[in-house]
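Written below as structure tokens is the structure these notes are about.
The values are calculated or read from the model by the stated rules, or taken from the named source; none is laboratory data. Please read all numbers here as calculations on a predicted model, not as lab measurements. A quick note on method: Cβ atoms are made from the backbone with ideal geometry, for glycine too, and the neighbour counts reach across all protein chains shown. For the accessible areas, the whole protein counts, side chains as well, though only heavy atoms, and no ligand, DNA or RNA atoms are used. Shrake-Rupley method; radii C 1.70, N 1.55, O 1.52, S 1.80 Å.
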Amino acid sequence: MKIIIAGGDGFCGWPTSLHLSKNGHEIIIVDNLSRRKIDLELEVNSLTPISSINKRISKWFQLTGKKIKFFNIDIAKNYQRLLNLINQEKPDTIVHFAEQRAAPYSMKNSKTKIYTVNNNINSTNNILCAIVESQLDIHLVHLGTMGVYGYSSADLSIPEGYIDIEIKNDNNENIKKNILYPSDPGSIYHLTKTQDALLFAYYNKNDKLKITDLHQGIVWGTSTDETNLDEVLINRFDYDGDYGTVLNRFLMQSALNYPLTVHGTGGQTRAFINIKDSVRCLDLAIKNPPKKNDKVKIFNQMTETHKVLDLAKIVSELTGSKIQHMPNPRNEDQENELRVKNKNFIELGLNPTTLKKGLLNEISEIAKKYIKRCDPEKIPCNSYWTSKKNV
Ligand code: NAD
Ligand code: USQ
């Protein structure tokens, strides 16, 4: 298959590009390198030393003989270049990772809120418009987030996208409907993903586009078999207060002997998936497109749920690190239970990599290897959800 990977230079996009290239697909990366520019803006680096996109691609060719093409296009702003590329390359599939993905960055200030909304919603709408205008039969696979649902399951396992409801009509008769699960975003970033979901529903209804939306949990880990082949292929490892995600931050903090920064009580339950499973899920989603006239296919891309404090305890037992409860900079429930259905991927053959000590050790080793690149001043989370700090 020929596959355009929008956002293919990023944390999820780069290992996915390599994995799909190894599996014989023809890969075209489209990325405006905005994530690298945000590192410069925040004066922070990936813990791992990431090479330029051209060096990455050349090394992959040298090691495997497989070519990956790269186009630097801002898909939120340059619709015509995106459309020209689609018309020229005629891909079978477009995978869409190209959005600003950090909730804390999206809540930093008005500038980052506006940027996140403009960038994410325009990226998605431009891709959808371009598929329609090209008149090609392209399957769009988008990376959504578990956060579209909110995290409160209210004794109900969160279904994969849709929920059956029964309501009374004007004649007081019960009618049944199958609707998108009500959205409940917790940040401006998560809000853009709920808007994406509406765009998909509309283009699917109006233009019959074939779309798969993957509501992914928090990705942990950094390496895959392909990124492990050479240091030039290494994946990014975000650890700073805006982009670092919770488990990777705890593993990095333990390597630095820095207390594990648990927000509030640590009672927040979240869904998780290892990066190795994330790339496998993309492969499965691409191989199993919706049929013509199917509605948007929605999968929950996660393998397990954990409370933040329990994760801190696991890392602490493994490494001897201390746990420090911090005032929570976010406006979120301090405690929640979360149950999530994920049978779609399991039925397609996903064999989940669960949080094992061996794997945590492997990631700790990477964190230890590069810990000298860490700037401890960048660890605290300084983006507040509201002007009033929580205590
Ligand atoms: P990332 O920031 O590392 O990668 C995103 C890539 O998209 C970057 O390389 C960036 O330069 C590019 N990009 C952004 N806007 C663009 C634009 N307008 N034009 C072209 N390129 C653009 O993020 P990631 O962690 O790889 O996440 C990828 C996707 O997966 C996101 O949509 C995110 O919402 C979703 N996701 C990520 C996680 C996670 O834990 N990392 C979890 C769930 C869902
Ligand atoms: N947290 C801590 N300590 C920290 C960092 C985070 O206690 O040092 C807590 C947060 O308060 C939150 C939880 O850990 O309760 C998760 O935070 P996170 O930064 O790991 O994840 P989140 O902001 O939800 O975002 C990440 C990705 C995003 C993706 C989302 C999936 O950055 O792109 O969409 O995970 S999900 O969480 O399922 O919505």
*Show the residue pairs that are 6+ apart or on different chains and have beta-carbon atoms under 9 Å apart, the first residue being within segment 266-279 and within 13 Å of ligand 2 (Cβ to nearest atom), the second being of a type in the set (K, R) and in a strand (DSSP E or B).*
G266/K307; G267/K307; Q268/K307; T269/K307; R270/K307
*asked:* Report every pair of residues separated by at least 6 positions or lying on different chains whose Cβ atoms are under 8 Å apart, first residue within segment 325-344 and touching a residue at least 24 places away in the same chain (Cβ under 8 Å), second within 16 Å of ligand 1 (Cβ to nearest atom) and of a type in the set (K, R).
replied: L338/R270
*Starting from segment 29-45, take each residue that is within 15 Å of ligand 2 (Cβ to nearest atom) and list its partners that are open to solvent by less than 50 Å² (accessible area, probe 1.4 Å) and assigned to a helix (DSSP H, G or I), counting only C-beta distances under 9 angstrom and pairs at least six apart or across chains.*
S34/N119; I38/Y105; L42/Y105; V44/I38
_Of all residues making up segment 106-120, the number that are open to solvent by 10 Å² or more (accessible area, probe 1.4 Å) and not in a loop (DSSP other than H, G, I, E, B)_ = 8
*What pairs come up if the first residue lies in segment 78-95 and is closer than 11 Å to S134 by Cα, the second is of a type in the set (K, R) and not in a helix (DSSP H, G or I), and their beta carbons are under 6 Å apart, counting only those six or more places apart or on different chains?*
P91/K2
_I'd like to check which strands (runs of 3 or more DSSP E) are fully inside segment 280-391 and have at least 1 residues that are within 16 Å of ligand 1 (Cβ to nearest atom) and open to solvent by 20 Å² or more (accessible area, probe 1.4 Å)._
304-307
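Quick grid of which residues meet (1) within 16 Å of ligand 2 (Cβ to nearest atom); (2) among the hydroxyl-bearing types (S, T, Y); (3) over 21 Å from the mean Cα position of the chain (by Cα):
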| site | (1), (2), (3) |
| --- | --- |
| V132 | no, no, yes |
| I138 | no, no, yes |
| D155 | no, no, yes |
| Y162 | no, yes, no |
| N169 | no, no, yes |
| P182 | yes, no, no |
| Y189 | yes, yes, no |
| T194 | yes, yes, no |
| K205 | no, no, yes |
*Of the residues that make up segment 127-150, is at least one more than 10 Å from ligand 1 (Cβ to nearest atom), out of contact with any Cys (no Cβ under 7 Å at 6 or more places or on another chain) and modelled with pLDDT under 95?*
yes
_A255 open to solvent by less than 40 Å² (accessible area, probe 1.4 Å), away from ligand 2 (no atom under 16 Å from the Cβ) and either closer than 20 Å to T354 by Cα or not charged (D, E, K, R) (or both)_ = no
*Give me a count of the residues in segment 239-252 that are open to solvent by less than 10 Å² (accessible area, probe 1.4 Å), near ligand 1 (Cβ under 10 Å from one of its atoms) and of a type outside the set (S, T, Y).*
2
